[in-house]
Each structure stands twice: as structure tokens, then as C-alpha cells.
Amino acid sequence: MKKYFILFIMTAHISIIAQNTNPLLKNWKGENQGAPAFNDYKISDFKPALEFAIQEKLNETDAIANNLKPATFENTIVALEKTGKTLSRVLAVYGIYSSNLNSPEFEPIETEFEPKLANLSDKITQNTKLFNRIASVFNSKSKSKLTKEQQRLINLYYENFVRQGAKLDIKTKAKVADINGKLAGYFIKFSQNLLSEENNQYIEINAENDFAGLSDEIKNSAIAKAKERKLNALGCIENTRSSVEPFLTYSSNRNLREKVWRMFINRGDNANGQDNNSTIVEILKLRSERAKLLGFSSHASWKLSNTMAKTPENAMKLMLDIWKPATAQVKIEVGAMQKIVDSEAETFKISPWDYRYYAEKVRKEKYDLDQNEVKQYLQLDKLREGMFWVAGELFDLKFIPALNIEVYQADVKVWEVVNKTTGKHVGLWYFDPYARKGKRSGAWMNEYRSQEKFDKDIPTIVSNNANFIKGKEGEPVLISWSDASTLFHEFGHALHGLCSDVNYPTLAGTNVARDYVEFPSQLLEHWLSTPEVLKKYALNYKTNEPMPQSLLNKIEKASKFNEGFNTVELISSALIDMKLHMTNDLINPDTFEKNTLEALKMPSEIVMRHRTPQFGHIFSSDEYSAGYYSYLWADVICADAFEAFTEASGPYDKAVAKRLLKYVFSSGNTTDQGDAFRNFRGRDAKVDALMRAKGFPIVK
């Protein structure tokens with residue numbers, strides 16, 4: 001006994017030393033439970049910090065599992081809510097490095113620890129003693145005496161453990177754990193391949209006339225990128241959405257448009273060392289095998305079992321119901337574009353690399369609306385202030401620059417969020433707006449820390465991340481209308497986190513069903529186009545004059561323009577995602593994609609928003625797999641929800657905003673999401689609102 005006691009003392013001593021010396025393991029510094037101390041962190045800190053924090057989490061959960069006292073809500077469920085605080089802090093910073101600061105030095109850490117983190121999750125959910133205690137609380141008669149939120153928390157713990165295989169026999173649990181570990185490795189491989197192609201591929205611009213049609217902003221960015229890469233070229237178009245889409249919209253060089261388009265849509269599909277097709281096959285095979293072990297007919301059935309849609313068939317019905325009117329609208333859009341092409345000297349059939357360019361011509365011709373003119377009023381910094389104003393009007397929030405908070409990159413800025421009326425601290429909002437090497441493409445929201453108050457009041461910390469092209473020093477960054485919508489969308493996610501007012505972190509903020517989480521974010525997009533925002537915050541970058549009423553009218557008239565393209569681009573990706581995960585057959589990803597789209601009669605002028613080999617939403621993790629449909633599902637809810645405002649006094653109706661805060665933005669996962677929407681709207685959502693919002697023709 002003496003020998004083991006000495007060993008325990010030595011182990012404990014080593015743990016204390018690790019916590020005291022490794023900055024990643026220390027509590028965050030500052031007021032309101034602190035914030036990450038980015039100035040102290042080094043890549044070499046991650047491995048020992050992760051190893052320590054993983055083991056600490058296991059020790060904490062093992063202690064709960066081995067508690068000899070009868071299981072209660074407090075000593076089991078609440079105790080679980082208190083575990084893993086160190087690991088949560090480490091993983092918050094780890095996630096930032098993975099998405100925003102990735103590098104050759106960091107990649108091996110991801111490769112090593114993603115399987116280990118998957119294994120940690122399995123060790124917890126497959127802990128029989130722990131599950132038995134959760135089941136005991138779940139089945140306890142005393143559960144009915146608890147609050148509705150506490151009962152919801154118990155139910156979710158029980159259901160999540162069961163969904164992850166807690167009831168399986170030991171042999172099957174081991175198989176599931178093995179699959180999860182392998183999947184984690186493939187997810188990282190997929191992501192690293194995609195990031196490599198986005199970082200290292202580009203199209204050179206070698207002649208001055210190849211800049212034809214481009215604005216000075218796009219041209220200057222291309223010139224700067226070529227200099228940054230030390231190329232012997234006038235400029236270059238990088239392989240990211242933020243560089244490619246503006247080029248495809250405005251470049252009058254059709255051959256160059258095609259080259260740029262092919263570069264972009266072939267990411268991960270180039271038969272090279274970064275080709276993702278074989279990785280996708282392995283992921284699909286493992287997901288299918290795991291679903292069967294867990295008692296489901298397919299990965300899609302497993303993933304949708306705890307969503308609003310409930311089944312793949314329900315999600316498919318929604319998508320196919322909207323697919324017909326969406327493709328019908330595309331025919332109308334293409335017809336208008338083809339007329340312009342046919343009127344030009346050299347005629348051709350509209351191809352995917354032509355769509356954005358000629359759509360812009362139609363917009364100018366039909367609505368006299370030039371997006372370059374609109375862009376002069378869309379300054380990133382001003383629109384950010386507009387978002388803050390909307391948050392104040394709807395949710396009584398105020399954003400104050402937090403100059404004393406450490407950041408991980410010089411362009412990142414931080415704001416303290418407080419309640420306007422009471423002055424109470426709500427949380428912190430980080431904003432990382434610009435593209436750079438090592439940062440994944442797209443736009444997203446992160447939660448560094450969840451809100452909770454069951455033990456003590458812990459405010460949330462959230463971030464918004466984007467890939468806007470940084471301008472010259474001192475010049476405002478102008479963004480497109482589409483990018484401005486994305487800016488408001490991601491801020492909607494951030495507000496969902498910031499407005500959270502629940503007791504337990506598992507139920508906080510955006511921890512809701514996958515097909516509900518996009519509802520608050522998509523809803524906030526509507527406020528960008530409100531006159532109150534545009535008149536006050538859409539200011540001309542040269543004159544500082546507000547957007548004139550004539551331009552506001554044009555934007556309103558063109559609000560439904562190009563919705564066929566936007567919808568087909570999205571639904572085609574969602575249909576491929578769902579069909580991939582409904583089948584258990586081995587497939588060739590490229591062939592499956594081609595055949596499926598042909599069967600759907602995909603318009604030849606459009607490609608999926610995310611082709612299979614670059615579909616990071618569904619192959620860089622399990623999170624959105626068989627779940628990309630959720631954007632459309634949320635679209636239906638969102639369109640109906642916004643009509644609650646228009647049926648009242650307008651977008652800033654105080655009574656409707658109060659209901660929205662109470663039942664949607666602040667309630668997290670404390671109630672069933674269907675009930676939450678009904679509490680807000682008074683009924684279920686109707687798809688008619690979406691059809692009106694998009695202006696689709698009626699198709700029988």
C-alpha cells in the first residue's frame with residue numbers, strides 16, 4: 001500500500017507542476033471569468049496540455065461513475081456538467097489554431113489528437129457504470145419534482161449516451177470506438193487536403209487586359225496576392241471563395257473565368273496527393289458500419305433521429321418539394337441571361353463559369369441595379385456597427401471595444417457585450433474578418449465558452465470569423481451584398497450564443513438540433529435590408545452620404561433576384577449529402593455525384609455549392625453530415641418567423657422581438673425546438689412563406 005501511495009503522491013505532484021507551468025492549462029485571465037491569454041501560448045504547449053486535460057476529464061467522469069452513493073441529479077448529472085473545464089479551455093484555443101492559424105507545425109498535433117479526443121468521448125459514453133447512474137436518474141420517480149430544464153437535461157444525457165452506443169455489448173462498443181477513432185483521422189486528412197489546395201493553388205494574371213471588368217478593389221487584391229506569393233505575374237486569383245466569386249461575377253475574360261472556376265470546383269478532386277475521393281469512400285464506409293452497429297438502417301437515419309426532421313424521408317420531401325419550383329426559376333433566370341449572350345457578337349450556351357457574370361448583367365438591365373454601385377456603400381466597419389445597432393434594438397445589447405483583451409492575430413478585435421438597460425456584462429465577441437494563409441475558407445461562428453449559471457454566473461465568449469479581402473492600409477474594406485448577408489448570418493449565430501440565459505452549459509446557446517441552429521442566424525439576415533440599417537450604416541466610402549432612396553428602391557425590387565440559382569446551388573449539395581448517407585453501398589464519389597445530379601435533372605448551368613471532394617461541412621467532421629439540408633429547413637422556419645414581424649408593426653416591433661428573445665435566442669435547448677418555435681409563432685411554420693420570400697413560380 002505504501003508503494004502505491006507514494007506513486008499517487010508523485011503523480012499528483014507532476015499534475016500540479018503541469019498546471020502551473022503550461023499556460024494552456026491555466027485559468028483564463030481577467031474579469032468576468034477571464035479570456036484566453038493568447039500572448040502566452042505556443043504550439044509546443046498543445047501536446048502536454050491536451051494529454052493532461054484528457055486524463056483529467058477521464059478521472060473526473062470515473063469518479064462520478066464509481067461514486068458508491070445512490071445516483072441523484074446533483075451527484076451525477078450536475079457533477080457531469082462540472083467536468084472537463086480544463087479540457088474545454090484547451091480545446092477552445094486548439095480549435096482557433098486549427099481553423100484560423102493552421103500551419104505545418106500544428107498539423108501533426110491535429111493528426112495525433114483527433115483520434116484521441118474521439119477515444120475520450122467513447123470512453124465516457126461507453127462507461128457502463130456511468131451510464132447506469134444516468135439511467136437511474138432518468139428512470140427515477142423523483143425526476144418529476146425537478147424543473148423542466150433539469151428534466152430536459154437528464155433526458156438529453158440519457159438519449160445522447162444511448163445514441164452513442166451505451167446499451168451495446170462490450171464487443172460492439174469496441175467496434176464503434178475503433179470506427180470513431182478511424183473517422184477522426186480521416187476527417188483531419190480531408191480538412192488538411194482541402195486547406196492545402198486552397199492555400200497553394202492559384203491562377204496567374206499575366207496581361208493587363210486580363211483585369212478587364214474587375215473593380216480597382218479586386219484588381220489591387222490580385223496584384224497584392226501575387227506580390228505576397230513572390231510570383232513573376234501581374235496578379236493572381238487564389239483558390240478561395242472570397243477571391244473566386246467576385247472574379248467570376250465581374251471578369252469579362254471568359255477563358256480566364258473558366259480556368260478560375262475549374263480550379264475552384266476541382267478542389268480535392270485533382271488525382272494528386274491531396275485528392276479526397278478515397279478518403280470520402282472510407283468515411284462513408286465507416287459511417288455506414290457504425291450506424292448498423294448502433295441499430296440504424298443508415299448514417300442518415302442515425303443523424304436525423306434527434307432532429308426536428310426526425311427522418312431522412314422528411315428532409316428529402318422538403319428538399320424535393322422546393323427543388324421543382326427552384327429549377328423552374330433557374331430556367332427563367334437562364335433565359336434572361338441567354339438573351340444577352342445571343343445579342344452579343346460571339347454566342348454560346350451559358351455555362352457554370354458564365355452564370356454569375358451574366359446574372360450581374362441581367363440585374364443591371366432588369367433592375368438598373370449595379371452591385372458595384374451598391375458595394376460603394378457597404379463598408380465592413382460600418383456594417384459591423386449596423387449589426388451592433390440591430391442587436392441593441394432587438395435584444396437590448398451594447399458592444400463596447402475591449403482594448404485590454406489579448407488576441408491571437410493582429411487583425412482580430414474584441415468587444416465586451418453588455419445589457420444596454422442594466423449595464424450587466426453579457427459576454428465577449430471576437431471578430432476575425434480577413435483571409436490569410438492557414439485560415440480555412442468561408443465564414444463561421446465559434447463559441448470559446450458556453451454560458452451557464454447553475455453553480456456560478458459564467459458568461460459566454462463567441463467569435464465570428466470571415467475571409468474578406470483586406471484592403472490597403474487606411475482604406476475601408478468594401479464587401480458585396482452577398483458577403484454582407486453572410487456577415488449578418490454569422491452574427492446571428494453569435495447572438496444566439498450571447499443571448500443564452502440558461503442554467504446548464506449542455507443546454508446553452510447554439511447547442512440545439514442541427515436543423516434548428518441555422519434558424520436564428522438566417523433570420524438575422526433579414527435586418528440587413530431594412531431601411532433603418534441601410535440609411536444609417538450603408539454610407540458611401542468616399543462621400544459618407546447614406547444610400548439614396550432611389551438605390552434602396554432598386555435593392556427592394558431586386559430582392560428576389562437570382563433566388564433560383566442560390567436555392568438550386570444549396571439544395572443540390574444537400575440532396576447529394578443526404579443520398580450519400582442514406583445508401584450503404586460502396587460508391588465512387590465523382591460517379592455518384594454525376595449520376596445523382598443527372599437523375600435530379602440538375603440545371604447544366606449550375607454546380608453544387610460544395611462539390612463532394614471539397615464538402616468540408618460533411619467530411620471534416622460528423623457535425624453537418626446528413627445535415628446540410630438544415631439550411632433549407634431553417635429557411636422555411638425563418639421565412640415564417642420574419643412574417644411575424646411584418647404582420648405586426650415591422651422588423652423592429654418590440655413585442656415580437658421580446659418573444660423572439662424569450663423563446664428562441666435565450667432559451668437554448670431547454671425545450672423541444674418545435675415547441676420553442678410554436679411558443680414564438682403560435683403555430684407550426686408553413687412552407688408558403690418561403691415560396692413568397694423567394695418569389696418562386698407555382699409548379700404543379
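A few points about this structure:
- Taking the charge dipole of the range 373-474 about its Cα centre, with +1 at Lys and Arg Cβ atoms and -1 at Asp and Glu Cβ atoms, the residue from Val414, Leu378, Trp389 reaching farthest to the positive side is Leu378.
- Partners for Lys227 among lysines (Cα-Cα distance below 28 Å; same-chain residues under 8 apart left out): Lys219, Lys259, Lys375, Lys413, Lys437, Lys439, Lys470, Lys472, Lys542
- Axis of helix 216-228 versus longest Cα principal axis of the chain: the two differ by about 60°, to the nearest ten degrees.
- For the range 264-319, trypsin sites (Lys or Arg not before Pro) are listed when DSSP marks them as loop and at most 16 other Cβ atoms sit within 10 Å of their Cβ; the list is Lys310.
- Legend: calculated FRET efficiency, Lys317 to Asn232, from the Cβ-Cβ distance at R0 = 56 Å, rounded to 0.05, equals 0.55.
- Remark: the chain carries a charge dipole of roughly 1840 debye about the Cα centre, counting +1 on each Lys and Arg Cβ and -1 on each Asp and Glu Cβ.
- Here the range 18-93 is treated as an ellipsoid with the same Cα gyration tensor; its semi-axes, largest first and in whole Å, are 28, 15, 8.
- Accessible surface of the range 540-669, 1.4 Å probe, proportion on carbon and sulfur as whole %: 50 percent
- A 1.4 Å probe run over the protein chains yields, for the chain, 44 Å² of accessible area per residue, whole-number rounding.
- Accessible area of the range 282-418 belonging to carbon and sulfur atoms, whole % at 1.4 Å probe: 50 percent
- For the range 129-224, the Cα-based Rg and Dmax, in that order, read 26.8, 77 Å.
- Over 25 Å (Cα to Cα) - which of Lys398/Lys456; Lys317/Lys694; Lys366/Lys601 fall in this group: Lys366/Lys601
- Solvent-accessible area, 1.4 Å probe, carbon plus sulfur percent, for the range 16-137: 53 percent
- Exposure rule at most 16 other beta-carbon atoms within 10 Å, DSSP loop GluC sites (Glu not before Pro): the chain longest free segment: 106-343
- Only protein heavy atoms count here; on that basis, with a 1.4 Å probe, Arg152 has an accessible area of about 50 Å².
- Whole-angstrom Cα spans of the chain along principal axes, big to small: 92, 56, 55
- Dipole of the chain, positive end: most advanced residue of Gly627, Val162, Gly34 [Cβ charges, Cα centre]: Val162
- Karplus-based coupling profile of the range 274-289, in residue order and whole Hz: 9, 5, 9, 4, 5, 5, 4, 4, 5, 4, 5, 4, 5, 4, 5, 5, with θ = phi - 60° in 6.51 cos²θ - 1.76 cosθ + 1.60 and x standing for Gly or Pro.
- Tilt relative to the chain, helix 46-65 - C-alpha long axis, 0 to 90 degrees, to 10: 50 degrees
- Additional length obtainable on full extension of the chain from Ala207 to Ala224, 0.36 nm per residue less Cα span: 4.6 nm
- Using only alpha carbons, the range 184-269 has a radius of gyration to Kirkwood radius ratio (Rg to Rh) of 1.02.
- When the range 602-700 is reduced to its Cα atoms, the Kirkwood hydrodynamic radius in Å: 15.9 Å
- Axis of helix 2-21 versus longest Cα principal axis of the chain: the two differ by about 30°, to the nearest ten degrees.
- Helical runs (DSSP H, four residues minimum) scored at -39500 (n - 2.57) apiece and divided by the length of the chain put the mean residue ellipticity at 222 nm at -17500 deg cm²/dmol.
The values are calculated or read from the model by the stated rules, or taken from the named source; none is laboratory data. Here the structure is a predicted model, which is why all the values come from computation and not from measurement. Backbone-built Cβ (ideal geometry, glycine too); neighbour counts: all protein chains shown. SASA here: full protein model, heavy atoms, side chains in, ligands and nucleic acids out. Shrake-Rupley method; radii C 1.70, N 1.55, O 1.52, S 1.80 Å.
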